[in-house]
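Trainee: Below you'll find the structure I mean.
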Amino acid sequence: MIAPLQIPVIGMDVESFLVVLIAALAGGAFGASLGALPSFVFTGFVVMLGEGVSILQSQLNSLDAIHGGLAAGITGTIGFGMVVGPHVGFAGGVAASAYVGKKYPEMNPNGWDYHLGKDISSAFGTKPDILAVGALFGALGMLITQIAGGIGFPTDNIALSVFLTAVIARLVFDYPLIGTPAGDGVFDMSPFERGEPRDQPDDVPEGNAGRLAVEPWLGHQYKWVNVTAIGLVGGILGGYIWLKTGSVFLGYGISAASLLFLNLGVAKIPVTHHLTLIGVTGAMLGSGLFGSTLAALIAAGVFGALAGVVGEATQRIFYAHSGTHVDPPAMSITVIMLVVGVLYLLGVLPNAGYLGL
């Protein structure tokens, strides 16, 4: 028999790649149909299910038939795969929002005072052109993740893909890459605090005349002390879950699923999935360096706080001054795990957290 033709870097044969590509196109379109945030909420529920099965199988050795099969299929193939993986479904939804912000300004939700391109909570239904945008960016997200993994790029490549696809969508649909700060530099959120409107009428689409001059990612979660505090809390809880269950992603799944309430309009729901996930890395490093559960938990809190600060810093650069969603949690995870990965490869750290290096 002739061996299947392999695709360099991606590490798949042609038929397997085409299967994944078709699935990613469908997953990206599904993310656009649901909306980016609702799609990510499903990521949370699927990951919780997969990690729950994984914990169960580790406790019940008689379930050998499940080991490495069902749990891996739920979390890896579905939760982080082509169905609701953030690099596919969420990325497709974010790109669809950017497209809708320019193509369909009349779809602006009531009371939305940010650019419509940042509306990641609304479902966009079944319009074929919106689905097509989601499909293309879902496939692009899959390709970025596969290539980055294939070359061994030392970070969380799903998070990297979420960031890069959002930047590409911003450029494709003719939004400013960073935008022009309305205050005293990109880090100044005071125009938002004063409720100042944007003064460039050409940049305000129909139905969005109340757009604010500065649009922080979360109006209830942007002050430095606040993001540090919730980062400390989220990091400790993520690390504690890992210490008690051995699950890297259960805390992440819980955090992602909690965003259902944010999507439903409950005020001041924090976004914490980057905090719990980076907290796990802190716990792994603390355990590896000091061999102590207490040290691991403290390190988890420190890393969670760091994730909160990095997420806020990146939103002030990439989110607050332009017209589309570029995901601060994805940027925070990408940056921190890149530093961890590089330091591990240089022999400075005892492990690379949850990265498979």
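Trainee: Please report how many Lys pairs in the chain have alpha carbons closer than 19 angstrom, counting only residues at least 8 apart along the chain or sitting on separate chains. Could you put the intermediate results ahead of the total?
Mentor: Details: LYS102/LYS118; LYS102/LYS127; LYS103/LYS118; LYS103/LYS127; LYS118/LYS127; LYS118/LYS268; LYS223/LYS268.
Lysine pairs satisfying the spacing and distance rule in the chain number 7.
Trainee: Residue-wise, which Karplus ³J(HN,Hα) couplings in Hz belong to segment 18-32, taking 6.51 cos²θ - 1.76 cosθ + 1.60, θ = phi - 60°, and x for glycine or proline?
Mentor: 5, 4, 5, 4, 4, 5, 5, 4, 5, x, x, 5, 5, x, 5
Trainee: Could you give the angle, 0 to 90 degrees to the nearest 10, between helix 128-150's Cα long axis and the longest principal axis of the Cα atoms of the chain?
Mentor: It works out to around 40 degrees.
Trainee: With everything on Cα atoms, drop me the angle between helix 36-59 and the longest principal axis of the chain, reported from 0 to 90° to the nearest 10.
Mentor: Approximately 10 degrees, to the nearest 10.
Trainee: Here's another thing I want to ask about it. Measure nothing fancy, just the Cα-based angle from helix 157-172's long axis to the longest principal axis of the chain, in degrees from 0 to 90, nearest 10.
Mentor: 20 degrees
Trainee: Go through 168-181, 44-57 and give me the packing order, highest mean Cβ count within 10 Å leading.
Mentor: Numbers: 168-181: 16.6, 44-57: 20.4.
Going by the mean number of other Cβ atoms within 10 Å, highest first, we get 44-57, 168-181.
Trainee: To continue, here is another question. Per residue of segment 227-243, in order, report the coupling 6.51 cos²θ - 1.76 cosθ + 1.60 (Karplus, θ = phi - 60°) as ³J(HN,Hα) in whole Hz, putting x for Gly and Pro.
Mentor: Running phi through 6.51 cos²θ - 1.76 cosθ + 1.60 with θ = phi - 60° gives 5, 5, 5, 6, x, 4, 5, x, x, 4, 5, x, x, 5, 4, 5, 4 Hz.
Trainee: I've got another one for you. Show that you can apply the helix-only estimate: for the chain, add -39,500 (n - 2.57) for every DSSP H stretch of four or more residues, divide by all residues, and state [θ] at 222 nm to the nearest 500.
Mentor: Details: 11 runs with 199 residues, N = 357.
The helix-only estimate for the chain comes to -19000 deg cm²/dmol at 222 nm.
Trainee: For segment 340-357, take each phi angle, set θ = phi - 60°, evaluate the Karplus expression 6.51 cos²θ - 1.76 cosθ + 1.60, and give the result in whole Hz per residue in order, putting x for glycine and proline.
Mentor: 4, x, 5, 5, 5, 5, 7, x, 7, 10, x, 7, 10, x, 8, 5, x, 9
Trainee: Go through 88-95, 322-329 and give me the packing order, highest mean Cβ count within 10 Å leading. Intermediate results must be reported in sequence, preceding the final value.
Mentor: Values: 88-95: 35.5, 322-329: 27.1.
Ranked by mean Cβ neighbours within 10 Å, highest first: 88-95, 322-329.
Trainee: Cα centroids of segment 110-144 and segment 244-320: how far apart, whole angstrom?
Mentor: Taking the Cα centre of segment 244-320 as reference, the centre of segment 110-144 is 26 Å away.
Any read-out appearing in this document is the output of simple, stated calculations on the displayed coordinates, not a laboratory observation. Remember, predicted model here, so these are calculated numbers, not experimental data. No Cβ is skipped: glycine too gets one built from the backbone with ideal geometry, and neighbour counts run over all protein chains shown.
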